[in-house]
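Written out below as structure tokens is the structure these notes cover.
The values are calculated or read from the model by the stated rules, or taken from the named source; none is laboratory data. Because the structure is predicted, anything quoted here is derived from the model rather than measured. Every residue, glycine among them, receives a Cβ derived from its backbone with ideal geometry; neighbour counts consider all protein chains shown. Quick note on the areas: whole protein, heavy atoms, side chains included, nothing else; ligands and nucleic acids left out. Shrake-Rupley method; radii C 1.70, N 1.55, O 1.52, S 1.80 Å.
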Amino acid sequence: MTALLEARGLTKYYPLRRPGPFAPRQQLRAVDGVDLTIVPGEAVGLVGESGCGKSTLARLVCRLLDPTAGTLRLNGTEISTLSASAFARSAARRQIQMVFQDPTESLNPRFPVFELIADPIRRLLPREGRAALRARVAAAAAAVNLPPELIDRFPHQLSGGQKARVGIARAIAVGPQLLVLDEPTSALDVSVQATVLQLLDRLRRERGIALLFVSHDLNVVRLLCDRIVVMYLGQVVESGPAAAVYAAPAHPYARALLSAIPSLTPREQARTRLDGDPQSPIGAPLDRCRFCGRCPEEQPECGRRAPALRPLDAERQVRCHFAR
Amino acid sequence: MTQPLLSLRGLTVDFVTRSGTVNVLDDVAFDIGLGEIVGIIGESGSGKSVTAYSVMGILDRAARIRTGEILFDGTDVLRMSRAARDRWRGKDAAIVFQNPRTALNPIRTVGDQIADVMARHTPASAAELRARTVAALKQVRAPDPERRMHAYPFELSGGLCQRVGIAIALACAPRLLIADEPTTGLDVTTQAVVMDLIRSLARSRALSVALITHDLALAAEYCDRLVIMHAGHVVEVAPTARIVAAARHPYTARLLRSVPAQVASIGELQAIEGALPDLRRRDLPPCRFAERCDRRRPACDAGRLVPQAVAPGHTVACRNPL
């Protein structure tokens, strides 16, 4: 199958202010050479701690940010050469839509639900008439199970789950092929989260919308996604089929992430604890593993040579000298 | 359970608002034993934070405690004088707030904020306060405490800020710690470190902890007993293992089926339909879960609902339990 989205060596560096006129120029390496392929209708989970670059990668994929280096192809067409503002007016904008983290913060409080959903349609499909606009808004609201009587309400009159569904409705209203979701359920109660996850799963199955689901909760990602990509300090450290990664994570960081998830039932193995904070993404040495200093399985080799992302089997990749 | 340190008896709290009186807590009762970690679980709006604020005496001005007792070591804190309550708060009972970034003062160093609490309750010389501040930061395993005490909150990571929040709460060695969603907004890896810390402190100094959270899996991992709340009612109280294996209240059972860790596929995940009832209503049914419940019977609407013991240490407020 041809890829819907293909990123090669996607990189985002932020230049920092020099502390003095003769000080060396420093850069914050938010995303550092990420390869990512998403096929139509696939759900990919992107997991990692805050600061690992997963939100920056999501914004690069959505073309809200301009990459420093690397290529990004959508249906075979290069889209990374367009500036972010030019992309906003291009025909490809419709194909990639984003759902933001906190629905309370990301919905304009002065717009009623109808206007919130109609806004992207007006911008991206401007030649449609009023009747078509109304029909599209109604269809998007129905697709996310938003009761019709809520269509004239304002965000503050909605519950958290309803606001999350408005955020999804406005993203799917223009008929995208890829939805990028940045922690869409982290602000919701567990009881509401289930509905939103099932809604996303249904949209993927019924409409063939591919999902890039950013989260730090491996349990949620496991249920929703076909494939998991684990990031650490701007790089992919492990990727593979969700079930395989969840059952037996190969990278020590992925293991720690999985064992940090609280569980209702007593666990079989001792938990892997990560002490301390990650290295700074500013001026980190390039000749050693970025997980050095926190890795419970660190060896002298790790401080001498940075591991490359290598295939573990046909479908899995890992960035560790010692993972098997 | 051991002898209770904290006992809530018939706590009923209203909020007086322009659009009517909201009955936020109705006849809330449970105990927290010495050195015990008790989880208080519920959706947003279930009254779990109001319960915590009632105990601490930091309720909003709109709140009215209609009836009830909050017994701390046998003394009703609601009957204490204001000055006595102020001495009690921070010294005997302390709270860790939800968002460490907003709970800390942004323009004072974290060391000063820890020393403030100590100076208030146990005055000492500046040198001694400094030494105790360093010790307090060491206790929560903040790296390099001598340097970090001079940092402002914005200079620290979220996990470290929350550890400072815990250090402030534990500054005067309280006997009761209320942790109000202490790990929301933190990464799962940091959450595990913060919760391990709270548990080890509870174990090593017989600290009683109330962990307030909507995350049932988190509570199950760390708590000895769970108190399940729904719309201002305590619906079920039992030891953690019993809740997980043999929940009797329909709401608890539904809550368990909405936890992603518990199911094998997304199809098995079950949301709880409907929302909490409007607590301003005058005609609230005796069971506030009745309108969302699939086990409702005519008897559910008849007369006051009283929690029943179904096993030692296990009470359920339901007329048609599982």
* Asked: Taking only pairs six or more apart or across chains, which ones have beta-carbon atoms under 6 Å, a first residue in segment B:163-186 that is in contact (Cβ under 8 Å) with a residue 40 or more places away in the chain, and a second residue that is of a type in the set (Asp, Glu) and open to solvent by 10 Å² or more (accessible area, probe 1.4 Å)?
  -> B:Pro174/B:Asp92; B:Arg175/B:Asp92
* Members of segment A:112-147 found to be farther than 28 Å from A:Val192 by Cα, among the basic types (Lys, Arg) and in contact with a Leu (Cβ under 9 Å, 6 or more places away or on another chain), listed by number -> A:Arg122
* Does B:Ala142 satisfy being small (Gly, Ala, Ser) and within 24 Å of B:Leu211 (Cα to Cα)? -> yes
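Name the helices (runs of 4 or more DSSP H) wholly inside segment B:77-150 in which the number of residues that are among the acidic types (Asp, Glu) is 2 or more. Give the steps one after another, and end with the answer.
Details: elements: B:82-88, B:100-103, B:110-121, B:126-139, B:145-148.
Output list reads B:110-121.
Checking the conditions here, which among A:Val196, A:Val230 is more than 9 Å from chain B (Cβ to nearest Cβ), open to solvent by less than 10 Å² (accessible area, probe 1.4 Å) and touching a helix residue (DSSP H, G or I) at 6+ places or on another chain (Cβ under 9 Å)?
Only one candidate passes the filter, namely A:Val230.
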* Among the residues of segment B:151-210, write down those that are charged (D, E, K, R) and open to solvent by 10 Å² or more (accessible area, probe 1.4 Å). => B:Glu155, B:Arg163, B:Arg175, B:Glu181, B:Asp187, B:Asp196, B:Arg199, B:Arg203, B:Arg205
* Asked: Can you find even one residue in segment A:297-304 that is within 22 Å of A:Gly240 (Cα to Cα) and in contact with a Phe, Trp or Tyr (Cβ under 7 Å, 6 or more places away or on another chain)?
  -> yes
* Asked: How many residues are touching a residue at least 60 places away in the same chain (Cβ under 8 Å) and more than 15 Å from the chain's Cα centre (by Cα) when one looks only at segment B:18-34?
  -> 9
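Return the only residue of A:Ala169, A:Ala244 being in a helix (DSSP H, G or I), away from chain B (no Cβ under 14 Å), under 27 Å from B:Thr189 (Cβ atoms) and not aromatic (Phe, Trp, Tyr).
Residue meeting the stated conditions: A:Ala244.
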* Could you run through segment B:268-303 and say how many residues are out of contact with any Pro (no Cβ under 7 Å at 6 or more places or on another chain), open to solvent by 60 Å² or more (accessible area, probe 1.4 Å) and outside any loop (DSSP other than H, G, I, E, B)? => 2
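Of the residues in segment A:99-149, how many are of a type in the set (Val, Ile, Thr), in contact with a Gly (Cβ under 8 Å, 6 or more places away or on another chain) and either surrounded by fewer than 13 Cβ atoms within 10 Å (Cβ to Cβ) or modelled with pLDDT of 90 or more (or both)?
1
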* Structure fact -> The one condition B:Val193 fails out of (1) assigned to a helix (DSSP H, G or I); (2) farther than 23 Å from B:Lys48 by Cβ; (3) away from chain A (no Cβ under 12 Å) is (3)
* Structure fact -> Residue pairs within 7 Å by beta carbon, gap of at least six or interchain, first lying in segment B:187-214 and closer than 30 Å to A:Lys54 by Cβ and touching a residue at least 60 places away in the same chain (Cβ under 8 Å), second of a type in the set (S, T, N, Q) and surrounded by fewer than 22 Cβ atoms within 10 Å (Cβ to Cβ), listed first then second, are B:Ile212/B:Ser49; B:His214/B:Ser44
* Structure fact -> Conditions (1) under 18 Å from B:Pro260 (Cα atoms); (2) in contact (Cβ under 8 Å) with a residue 24 or more places away in the chain -> A:Ala260 fails only (2)
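Name every residue in segment A:290-308 that is open to solvent by less than 60 Å² (accessible area, probe 1.4 Å) and either part of a loop (DSSP other than H, G, I, E, B) or among the hydroxyl-bearing types (Ser, Thr, Tyr) (or both), in order of residue number.
Within segment A:290-308, A:Arg290, A:Phe291, A:Cys292, A:Arg294, A:Cys295, A:Ala306, A:Pro307 meet the criteria.
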* What are the residues in segment B:38-74 that are in contact with a strand residue (DSSP E or B) (Cβ under 6 Å, 6 or more places away or on another chain), open to solvent by 20 Å² or more (accessible area, probe 1.4 Å), closer than 19 Å to B:Leu279 by Cβ and of a type in the set (D, E, K, R), if any? -> B:Arg64, B:Arg66
* Structure fact -> Taking segment A:313-324 and the residues there that are open to solvent by 50 Å² or more (accessible area, probe 1.4 Å) and of a type outside the set (S, T, N, Q), the one that is farthest from A:Gly33 (Cα to Cα) would be A:Arg324
* Structure fact -> Residues in segment B:224-254 that are in a loop (DSSP other than H, G, I, E, B) and open to solvent by 10 Å² or more (accessible area, probe 1.4 Å) total 3
* To do: Would you list the strands (runs of 3 or more DSSP E) that sit entirely within segment A:1-92 and hold 2 or more residues that are touching a Lys or Arg at 6+ places or on another chain (Cβ under 6 Å) and more than 18 Å from A:Val236 (Cβ to Cβ)?
  => none
